[in-house]
Structure formats: structure tokens, C-alpha cells
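One structure is given below, encoded as C-alpha cells.
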Amino acid sequence: MATAKEIEDILLSMQDANYKETQKKFFKSGEGEYGEGDQFLGLRNPQVRLVVKEAWQITPLEEMAALVRSKWHEVRLCGLMLMSKAMEKAAKKKDNDRMESLFRLYVSLYPHINNWDLVDVSAISVCGLWEVAHPEETLMDEWIMASDGTLWQKRIAMVSTYALCRVGRYEELTRRAAALLDTQEDLLQKASGWMLREMGEHDGMNQLRDFLDEHVTQMPSVMLRYAIEKFPDDERRLWMRLRKEGKR
């Protein structure tokens, strides 16, 4: 068994004081920024993944949760990577009880999943795979529709649709993207556009064009640019022109 303290000690032993400063800027941890106050060890993702590779099969859920509650960004990242690996294994084995335990634990930890990389490394596996197995699940829709929902809850709900996209379930994806048409948050605009683009890449091009037909004049430019990134140049210019004309 691996404990949270043992794993955290390993990560602490690899810290890089110089790279910390780069991370502080990259993850916007300054005053008034979206990652305000976050603390870094100066680790790169491959270093964290090496620890995950050794520990994911021997770390209990409660120890993963303890890692996600850490003050250190990379320790939280490690805990979330462990949870993702555990969910992927449980989904493959169709172990519904284990999947539910992981999903419920994950959503209870959302205050600690508080930067875009933490969301993106975990939401697809933990929330997305649960939703694939449970079409009746509504929590992610509730999060994205909630007027008082946090930036990170909404990004989790949007990014998790990648797993649904892979199995041809586009309705949730387009519904959630439509719910974010008015968002002023750059990270939500990017997440929505990213998922719409992926829908087009996963045989959902007709659904993507239908979405654009209905919403192009309402879409933030960032969302639209991400969504049409893989389109031919002439079609991309057409959609950008339609948006501009519709905003007049």
C-alpha cells in the first residue's frame, strides 16, 4: 500500500526552485488571477507520471483523496492522475461500485480541482466514463447550468463530454456548449470550442455544423476559432465572417 505522505515525500524530493517561478506565471497564480495563491514544487508532468505509474495500483481511494487536498499543485495533480487510472481500470472491468465510489469522491473534491490542467487530466476519465456508463446521470448538467457554479465545476462538466463524444453521444456536448455561449471566462470558451472541435473529429461533423448554423452569431470568437480549427481555410473564413456580420 502507498500512503499519501509517502507519495508526497517523493514528489517533494524532486522539487525545482527555478521552475517554480515559471509555473507560477504559466498557471496564473498571481493576485487576482484564476490560480491565485496556488503553490508549486517545480515539477514537470512526466516526473509526476512516473510516480503515478508506480503507485496507482497500490494506493487506496482515501490516500488519493488526501493527495488531492494537498496545498501543492503537483501533489493534487498526482492524486487526480491516480484517480483517473483507477477509474479507467474500473470501467474496463465494469466494476460499477468502484466507479461510483471514484465519481462521488471526485465531485466531493471539486474545490481542490482548481486549475485547468487538474481538470483536463481527470474530468474525461472520472466524470466522463461514469456518464458513459450512466446516461441518467445529471450532475454535470446541473454544474454547467448553475448560476453560482464555479469556473472549475463548469470546465469539469464541459471537458468530461470528451468521453461521451468518443461513443457518439453528442447531445450532452452541444447542450453544455450552448449553456456557455454567454460566458466571459476565456477558459470556458476554450473548453467549449475544444469539445466542439473534437465532436467534428469523431464523426460528428454534421452535428458541429448544425450547432454553428444555430449559434454562430452568439459564439464568443475564442469558442468559434477553437471549434473550426480543423476546417478548410475557406470554410473557416466563412464562419468567422458570418459571426462578425451577425454581431453588427
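The values are calculated or read from the model by the stated rules, or taken from the named source; none is laboratory data. Treat the numbers as computed from the prediction; the structure is a model and nothing was measured. Reconstructed Cβ throughout: ideal geometry from the backbone, glycine too, with neighbour counts over all protein chains shown. Accessible surface is based on the protein model in full, side chains and every heavy atom, while ligands, DNA and RNA are left aside. Shrake-Rupley method; radii C 1.70, N 1.55, O 1.52, S 1.80 Å.
A few remarks follow.
- Test: residue in region 104-114 that is more than 17 Å from the chain's Cα centre (by Cα) and small (Gly, Ala, Ser): no
- Within region 58-81, at least one residue is free of Cβ contacts under 8 Å to residues at least 24 places away in the same chain and either aliphatic (A, V, I, L, M) or outside any loop (DSSP other than H, G, I, E, B) (or both).
- Condition check for Asp117: within 13 Å of the chain's Cα centre (by Cα), surrounded by fewer than 20 Cβ atoms within 10 Å (Cβ to Cβ), among the charged types (D, E, K, R) and under 26 Å from Lys28 (Cβ atoms): yes
- Evaluation of His202 against (1) within 28 Å of Leu118 (Cβ to Cβ); (2) modelled with pLDDT of 95 or more; (3) not small (Gly, Ala, Ser) (one fails), failing number: (2)
- Residue that is surrounded by the most Cβ atoms within 10 Å (Cβ to Cβ) [pool: residues in region 1-27 that are closer than 26 Å to Glu62 by Cβ and of a type in the set (Val, Ile, Thr)]: Ile7
- Scanning region 73-103 for residues that are open to solvent by less than 40 Å² (accessible area, probe 1.4 Å), polar (S, T, N, Q) and more than 18 Å from Asn115 (Cβ to Cβ) yields a total of 0.
- If you check Ser108, Ser70 for being out of contact with any strand residue (DSSP E or B) (no Cβ under 7 Å at 6 or more places or on another chain), over 17 Å from Gly128 (Cβ atoms) and open to solvent by less than 40 Å² (accessible area, probe 1.4 Å), only one passes: Ser70.
- Conditions (1) outside any helix (DSSP H, G or I); (2) closer than 22 Å to Tyr226 by Cβ: number failed by Asp148: (2)
- A residue that is surrounded by 14 or more Cβ atoms within 10 Å (Cβ to Cβ), in contact with a helix residue (DSSP H, G or I) (Cβ under 9 Å, 6 or more places away or on another chain) and aromatic (Phe, Trp, Tyr) occurs somewhere in region 28-36.
- Taking region 166-190 as the range and being in a helix (DSSP H, G or I), free of Cβ contacts under 8 Å to residues at least 60 places away in the same chain and of a type outside the set (S, T, N, Q) as the test, the residues that pass are Arg166, Glu171, Glu172, Leu173, Arg175, Arg176, Ala177, Ala178, Ala179, Asp186, Leu188, Lys190.
- Scanning region 198-248 for residues being open to solvent by 40 Å² or more (accessible area, probe 1.4 Å) and either among the hydrophobic types (A, V, I, L, M, F, W, C) or assigned to a loop (DSSP other than H, G, I, E, B) (or both) gives a total of 13.
- Identity of the residue in region 91-141, free of Cβ contacts under 8 Å to residues at least 40 places away in the same chain and outside any helix (DSSP H, G or I), that ends up nearest to Gly35 (Cα to Cα): Thr138
- Filter result for Gly193 (within 20 Å of Tyr34 (Cβ to Cβ), within 16 Å of the chain's Cα centre (by Cα) and part of a loop (DSSP other than H, G, I, E, B)): no
- Where a residue in region 29-43 is under 11 Å from Trp72 (Cα atoms) and its partner, wherever it lies, is of a type in the set (S, T, N, Q) and part of a loop (DSSP other than H, G, I, E, B), with Cβ under 7 Å and at least six apart: Gly37/Ser29; Asp38/Ser29; Asp38/Asn115; Leu41/Gln15; Gly42/Gln15; Leu43/Gln15
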